[in-house]
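Colleague: One structure coming up, written as structure tokens, with questions to follow.
Each value in this text was obtained by applying a stated rule to the coordinates, not by laboratory testing. As the structure is a prediction and not an experimental result, all values here were calculated from the model. Neighbour counts run over all protein chains shown; Cβ positions are idealised from the backbone, glycine included.
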Amino acid sequence: MKKFLRILLILVGLYLLLLIPLPQYEHELQKPSQTPFVWGQDALWESLETNFMSAKAMPSVTLDSIVQHLTIEADSILAIYEDKKLLPEDDYYGLVERKFFQLAPLIAAQENKTHWYINFYNRVRKKLKFDSRFWDMTNAHSRNTSYRILYGMRATVEEILLQSNEDQFVSTMIVSDEPSITPHADILGIKVHSGDLLVSRGGAEVSAFISRGNDYPGNFSHVALVHIDSKTNKPYFIEAHIEKGVAIATLDEYLSDKKLRFMVMRPRADLAQMMANPMLPHEASLFISEESKTRHIPYDFKMDYYDASAMFCSEVGSYAYKKFGIDLWEFESTISSNGIIDWLNNFGVENFVTQMPSDLEYDPMLSVVGEWRNKDVLFQDHLDNAVMDALISRANKGEKLDYTIWMLPVARVVKGYSFFLNTIGKEGIIPEGMGAVTALKNTDFVARFNKCKLNTVTKTKAFEKENNYLPPYWQMVRMAESSMLK
């Protein structure tokens with residue numbers, strides 16, 4: 001009995017000792033002076049849904065005739081300007097944006113859709129990527145124009161896709177065939193070359209945060225650099241994972257890691273560095289591939305792309321290309337919202353002028369080659385974004401991530417065990433570089449996310465049952481925001 005009491009006292013003592021909080025050190029956070037992009041067009045979104053419902057009530061012949069007339073108008077506008085070099089302040093992009101928004105709800109309501117809207121979207125973004133080569137991308141107007149077109153039109157296309165049947169859905173879109181002589185392989189219908197960058201969206205809750213927690217909220221949360229073996233033509237993916245740091249994945253491993261979407265980007269063939277050495281992308285991917293084999297590179301929770309001792313996902317590609325004279329991310333990513341900064345800081349982020357995956361799309365040095373999205377989970381992607389936008393709204397109103405203090409000793413024991421696993425080259429339950437408190441706050445974040453998501457799913461199902469169509473994104477955001485009030 002005495003032995004049992006002695007052991008019990010020791011365990012209680014250890015538990016109480018592990019309850020003692022560590023001193024909190026104030027880190028100087030690198031904060032931007034910018035302000036987040038705001039659409040501020042709720043009235044427009046409502047009118048688009050109203051137009052969609054009106055179009056659904058039209059006879060098919062009448063609706064098809066209206067769509068045909070408007071698409072001819074849109075094509076004529078694009079044809080006039082397609083070969084002209086335009087600036088962001090020219091009227092063209094605003095006109096194209098308005099015309100596309102006008103057409104989108106009508107096309108979504110059509111019973112027999114054509115692929116016109118996809119072809120038009122890809123022609124417009126190909127043109128913008130060309131024009132932006134001559135823009136000052138540090139200028140707010142240039143950045144906003146690029147974002148409104150590339151992100152706004154994608155979001156519009158996906159609203160149409162979500163109202164499409166199985167046969168009408170298009171998973172793979174080819175945008176441009178940027179010349180490359182490096183080894184290549186076919187990945188889900190897209191010809192991918194060694195040195196290409198794949199920006200993707202994962203299915204984890206934190207993936208939604210990375211996608212949306214930005215001054216320019218986007219669709220992507222991860223970047224991988226492709227290296228294709230010149231002898232076997234097998235593709236490999238060099239990427240930084242929170243769980244294990246920088247690692248190399250096979251194609252099967254990459255695709256099985258719950259990818260909701262990805263976009264293939266390639267350095268422009270006319271860059272001076274590329275013209276001097278067309279094999280540069282292959283050499284850059286080989287360089288980082290070999291480096292990841294020779295040293296352990298932990299995940300960089302601070303998101304400091306100036307320090308290569310640890311790397312986050314975007315840094316893998318930028319570090320590799322920088323070694324060969326190409327500085328990616330024409331403009332740095334900025335995170336300005338106080339709520340987002342506070343929540344990300346809970347995860348260990350200290351740099352809010354950095355390189356976010358979604359912003360790579362707007363880099364004029366890169367061409368968009370193609371894009372793939374999974375039909376079965378596209379709605380899931382939009383749902384997660386809506387939930388995350390609702391959570392961010394709460395964060396910006398001062399809501400904090402928290403944890404149960406009584407769980408701290410348990411988390412510290414788990415962290416100790418995880419540290420041991422890391423020392424023998426295995427993954428721990430709590431990732432390397434993440435502390436016990438951070439892990440507990442991550443648990444709180446995941447719980448909030450899933451609770452809001454569960455309530456939002458219930459509301460989306462009720463909406464679909466009542467209206468016979470899926471709720472548009474702006475409606476889902478409202479549903480998620482009302483779910484957060486409970």
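Colleague: Ranked highest first by the average count of other Cβ atoms within 10 Å around their residues, in what order do 405-414, 241-250 fall?
Modeller: 241-250, 405-414
Colleague: Throw me the Rg/Rh for segment 66-219, computed over C-alpha atoms with Kirkwood Rh, two decimals.
Modeller: Taking Rh as the inverse mean 1/r over Cα pairs, Rg/Rh reads 0.97.
Colleague: Roughly how tilted is helix 375-396, in degrees to the nearest 10 and between 0 and 90, from the longest Cα axis of the chain?
Modeller: Taking the Cα atoms of the chain, the angle to 375-396 is about 60 degrees.
Colleague: Starting from the Cα gyration tensor of segment 180-328, take the square roots of the eigenvalues, sort them a ≥ b ≥ c, and report rounded, prolate or oblate (rounded when a/c is under 1.5, otherwise prolate if a/b is larger than b/c, else oblate).
Modeller: It comes out rounded by the Cα gyration axes.
Colleague: Now for a separate question. Antiparallel as a % of all DSSP beta bridges within the chain, to the nearest 5?
Modeller: 95 percent
Colleague: Which shape class applies to segment 132-253: rounded if a/c is under 1.5, otherwise prolate when a/b exceeds b/c and oblate if not, where a ≥ b ≥ c are the square roots of the Cα gyration tensor eigenvalues?
Modeller: Rounded, because the longest to shortest axis ratio a/c is under 1.5.
Colleague: May I pose another question? Taking the 0 to 90 degree range and rounding to the nearest ten, how far is the long axis of helix 42-56 tilted relative to the main principal axis of the chain, both from C-alpha atoms?
Modeller: 60 degrees
Colleague: For a 31 Å ceiling on Cα separation, which of these pairs sit above it: Lys244/Lys459; Lys302/Lys322; Lys244/Lys441; Lys302/Lys453?
Modeller: Cα-Cα > 31 Å for Lys244/Lys459; rest within.
Colleague: With a point put 7 Å past each Cα toward its Cβ, work out how far Asp342 is from Leu44 in nm, to one decimal.
Modeller: 3.1 nm
Colleague: Here's a follow-up. What number, in percent, do you get for the relative contact order of segment 255-314 if the mean sequence gap of Cα pairs under 8 Å and at least 6 apart is divided by its residue count?
Modeller: Computed value for segment 255-314: 16 percent relative contact order.
Colleague: What is the Cα centroid distance between segment 324-393 and segment 151-194, reported in whole angstrom?
Modeller: 19 Å
Colleague: Return the aspartates and glutamates within reach of Lys258: Cα separation strictly under 17 angstrom, same-chain partners fewer than 8 residues apart disregarded; answer none if there are no such residues.
Modeller: Glu205, Glu239, Glu243, Glu371, Asp376, Asp381, Asp384
Colleague: Compute the Cα gyration tensor for the chain, then decide on rounded, prolate or oblate, letting a ≥ b ≥ c be the square roots of its eigenvalues: rounded whenever a/c is under 1.5, prolate when a/b is larger than b/c in the other cases, and oblate in all that remain.
Modeller: Since a/c reaches 1.5 but b/c is at least a/b, the shape of the chain is classed as oblate.
Colleague: Relative contact order for the chain using alpha-carbon pairs under 8 Å, separation at least 6, rounded to a whole percent?
Modeller: In percent, rounded to a whole number, it is 17.
Colleague: Taking the Cα atoms only, what angle lies between the long axis of helix 436-467 and the longest principal axis of the chain, rounded to 10 degrees?
Modeller: 40 degrees
Colleague: Can I ask one more? For segment 64-87 and segment 203-267, what is the centre-to-centre distance using only Cα atoms, to the nearest Å?
Modeller: 35 Å
Colleague: Follow-up question, since we're still on this one. Once you put a point 7 Å from the Cα of Phe134 and another 7 Å from the Cα of Ile80, both along the Cβ direction, what distance in nm separates them?
Modeller: 1.9 nm
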